Amino acid sequence: MRFAAALVAAGCAMGAASGVASGQDSIPASLTGGKGDPARGRAIVTNRQLGLCLLCHSGPFPEERFQGNLAPDLAGTGKRWSEGQLRLRIVDSSRINPVTIMPAYHRIDGFTRVAPAWRDKPILTAEQIEDVVAFLTTLKD
């Protein structure tokens, strides 16, 4: 019984350390106040210079060779997670999993050794985040 209580306490502490309070596993509101464009989102996801998603993820992109296998398959993401949950995972997945290897695509603080050209700039803009979220929500199968 003590072990179970310690495990629950540790889990709560990890949640607090990750910046996500209990029950807050999403960013429900759009970063731009509007919906993104799924076609632009697909282009970002498959772009090997911008999103780099396929470096780690695979998905329903038969035209794309050499897809990753380090992270979950993107097929079915729209069924597995809500818009807000997807948004949080893209903005800063370390708020859910502090030891993730996924980059924080829209966070600019708390980094060390950032190249001068990238200081104070997110990897993706708010509009690009919303485009990716709009695309990923279409992946229901």
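Return the whole-Å distance between the Cα centroid of the range 98-141 and the Cα centroid of the range 55-79. The distance from the Cα centre of the range 98-141 to that of the range 55-79 comes to 17 Å. Provide the net charge surrounding THR32, with neighbours chosen by a C-beta distance below 10 Å and charges set as Lys +1, Arg +1, Asp -1, Glu -1. Result for the local shell: -2. Bridgeable lysines around LYS140 (alpha carbons under 23 Å apart, same-chain partners fewer than 8 residues away excluded): LYS35, LYS79. Taking a ≥ b ≥ c as the square roots of the Cα gyration tensor eigenvalues, the range 24-136 comes out rounded, since a/c falls below 1.5. Taking the range 37-141, which GluC sites (Glu not before Pro) meet the DSSP loop condition and have no more than 10 other C-beta atoms within 10 Å? Answer by residue number: GLU63.
Every number in this text was worked out from the coordinates using simple rules, so none of it is lab data. Treat the numbers as computed from the prediction; the structure is a model and nothing was measured. Note: ideal-geometry Cβ built from the backbone for every residue, glycine included; neighbour counts use all protein chains shown.
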